[in-house]
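The values are calculated or read from the model by the stated rules, or taken from the named source; none is laboratory data. These numbers were taken from a predicted model, which means no experiment stands behind them. Cβ sites come from the backbone with ideal geometry, for glycine too, and all protein chains shown count toward neighbours. Quick note on the areas: whole protein, heavy atoms, side chains included, nothing else; ligands and nucleic acids left out. Shrake-Rupley method; radii C 1.70, N 1.55, O 1.52, S 1.80 Å.
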Amino acid sequence: GGTGGRGVDQPGNGPPGAKKNGMAGRKIEYWVIPPGADGEFVAHRGEVLQTYENAYDPACPVVRMDEQPVQLIGETRVPIPATKEHPERVDYEYERKGTASIFMFAEPLSGFRQATARPRRTKDDWAQEVAHLLDTRYAGVERITLVCDNLNTHTKGAFYEAFPPDKAREYVRRIDFIYTPKHGSWLNVAECELSCLTSQCLKDRRIGDLATLQAEIAAWSIRVNEKQRAVDWQFTIDKARVKLKRLYPKI
């Protein structure tokens with residue numbers, strides 16, 4: 001595993017992706033474990049960490065993005081409102097309403113987050129979300145650096161499947177892509193932000209339709225942006241060379 005950072009108001013133990021499962025007489029911790037000595041992993045990790053160490057440049061902002069599926073769950077009975085005597089009462093029974101995908105974009109050095117949701121997570125959906133950011137928040141900058149994982153939908157070609165060639169080229173030339181290594185998605189700050197969103201907005205709630213999900217996560221984005229919450233990212237290149245020394249090929 002590894003250690004990165006999290007939103008400063010996000011509680012928790014361990015790096016993104018770590019899960020604990022208590023069982024009778026034993027405990028299991030699930031980690032995203034990098035491979036053994038691997039030059040490709042080290043190279044991509046170094047590129048990501050170097051990007052994080054660069055000073056803030058409003059003319060070429062660094063944007064992190066990640067996405068996650070969400071189960072839409074509806075109520076089968078109307079909940080009983082809370083009173084002074086008892087909390088809100090929700091029936092155990094629920095109804096599955098399909099799935100959606102949340103797209104998270106984060107620019108921690110400026111305190112900006114944007115969370116949106118779509119019914120699917122195809123190449124077209126991803127390209128449309130990135131293009132929307134380029135046309136709105138980043139319309140006045142020539143280029144952005146986009147940090148994302150190496151999912152097969154996160155490609156330059158996705159823009160050519162979503163837009164005419166001239167428009168696709170216009171978007172692609174404005175993006176410097178930085179990909180996290182395989183087994184290294186925990187290096188993406190946007191994954192930390194998705195963890196914050198889940199715990200602060202979605203945990204222990206039933207949301208049964210896409211429109212409600214979009215409204216709720218948009219409200220979360222606005223609240224977090226108003227606070228301009230920082231990210232305490234502590235995993236540097238120098239620390240990586242010590243803590244994950246075993247990943248470097250032997251010369």
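Condition first: charged (D, E, K, R) and modelled with pLDDT of 80 or more. Now tell me which residues in segment 233-251 satisfy that. If the condition is that a residue be charged (D, E, K, R) and modelled with pLDDT of 80 or more, then ASP238, LYS239, ARG241, LYS243, LYS245, ARG246 are the ones that fit. Kindly indicate the residue of segment 105-132 that is of a type in the set (D, E, K, R) and under 13 Å from the mean Cα position of the chain (by Cα) and also nearest to ILE175 (Cα to Cα) among those meeting that condition. My answer is GLU107. Of everything in segment 175-205 that is open to solvent by less than 40 Å² (accessible area, probe 1.4 Å) and over 22 Å from ALA115 (Cβ atoms), the residue that is modelled with the highest pLDDT is PRO181. The residue of segment 208-234 that is most open to solvent (accessible area, probe 1.4 Å), among those that are closer than 10 Å to ALA115 by Cβ and among the small types (Gly, Ala, Ser), is ALA219. Kindly check whether there is at least one residue in segment 81-92 that is open to solvent by 20 Å² or more (accessible area, probe 1.4 Å) and in contact with a helix residue (DSSP H, G or I) (Cβ under 7 Å, 6 or more places away or on another chain). There is no residue in segment 81-92 that is open to solvent by 20 Å² or more (accessible area, probe 1.4 Å) and in contact with a helix residue (DSSP H, G or I) (Cβ under 7 Å, 6 or more places away or on another chain). Within segment 60-82, residues that are closer than 13 Å to GLY208 by Cα have Cβ atoms under 6 Å from residues that are open to solvent by less than 70 Å² (accessible area, probe 1.4 Å) and of a type in the set (Val, Ile, Thr) in these pairs: VAL70/ILE102, counting only partners at least 6 apart in sequence or on another chain. The set of residues in segment 128-147 that are within 25 Å of THR198 (Cβ to Cβ) and assigned to a helix (DSSP H, G or I) comprises GLN128, GLU129, VAL130, HIS132, LEU133. Within segment 53-72, the set of residues being over 17 Å from GLY111 (Cβ atoms) and in contact with a Leu (Cβ under 6 Å, 6 or more places away or on another chain) comprises ASP66, GLN68. With respect to the conditions (1) among the hydrophobic types (A, V, I, L, M, F, W, C); (2) assigned to a loop (DSSP other than H, G, I, E, B); (3) in contact with a strand residue (DSSP E or B) (Cβ under 8 Å, 6 or more places away or on another chain), LEU213 lacks only one, and its number is (2).
In this structure, ASP125 qualifies as at pLDDT 95 or above, farther than 19 Å from THR51 by Cα and either open to solvent by 10 Å² or more (accessible area, probe 1.4 Å) or not in a strand (DSSP E or B) (or both). When each of ASP66, ASP57 is tested for being modelled with pLDDT of 90 or more and not in a loop (DSSP other than H, G, I, E, B), the lone residue that passes is ASP66.
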